[in-house]
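No lab work stands behind these numbers, since they all come straight from the coordinates. Bear in mind the structure is a predicted one, so any value in this text is a computation, not a measurement. All Cβ positions, even for glycine, are placed from backbone atoms using ideal geometry, and neighbour counts span all protein chains on display.
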Amino acid sequence: MDLEFTGNPDLDFALGMLAHHQGAIDMAQIAVEHGTDPEIRKFAEGVIEAQSAEMEFLQKWIAENR
């Protein structure tokens, strides 16, 4: 996560969380595409769904508060 801080802790948190969530989604997609354990695949699908929703919130918040 290479993040240039803005000095606004709320914005910095939101920007950092975007990168964090994207990393989780990227890892989960690999598990869904290549994993063989059904429980892990199901968990990874849930991660993608949840993290995507949180990213949408953060992107909207950033656009309104930047």
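The residue of region 1-16 that is surrounded by the fewest Cβ atoms within 10 Å (Cβ to Cβ), among those that are farther than 13 Å from Arg66 by Cα and out of contact with any Asp or Glu (no Cβ under 8 Å at 6 or more places or on another chain), is Asp2. When region 18-44 is filtered for residues that are in a helix (DSSP H, G or I), farther than 21 Å from Gln59 by Cα and not aliphatic (A, V, I, L, M), the ones remaining, listed by number, are Glu33, His34, Pro38, Glu39, Arg41, Lys42, Phe43.
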